[in-house]
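There's a structure below that I have some questions on.
Please treat every number below as a calculation from the coordinates, not as lab data. Being a predicted model, the structure only gives us computed values, none of them experimental. Methodologically, a virtual Cβ is constructed for each residue, glycine included, from the backbone with ideal geometry; neighbour enumeration extends over all protein chains shown.
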Amino acid sequence: MSCPVPVDTQVQSERAPLLLDMTDNSNNQLVVRAKFNFQQTNEDELSFSKGDVIHVTRVEEGGWWEGTHNGRTGWFPSNYVREIKPSGLVSGIGI
């Protein structure tokens, strides 16, 4: 007798293998800034505008990363963003 596979398991298996899970790595959180606007086409994707800051939660092969922005979490194309160094998060403050 076989059991049906849960829907969310099927969706995850369609994605490339997981390379890096950032959720337990808060000290070295990968933070990126959007180079372009991105409008989601699926409900599991994350929309953002050029210049938005996104906190990456998962990095996978195939060019799709998972991140959080404005309280929402979803997938986005990694080539639409660039990594921000920790010093790049603070702007307009003279040190």
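Scan segment 32-76 for residues that are surrounded by 18 or more Cβ atoms within 10 Å (Cβ to Cβ) and closer than 21 Å to P86 by Cα and report the count.
11
On to the next question. List every residue pair whose Cβ atoms lie under 7 Å apart, where the two residues are 6 or more positions apart in sequence or sit on different chains, the first residue falls within segment 34-56 and is in contact (Cβ under 8 Å) with a residue 24 or more places away in the chain, and the second residue, located anywhere, is among the acidic types (D, E) and part of a loop (DSSP other than H, G, I, E, B).
A34/D52
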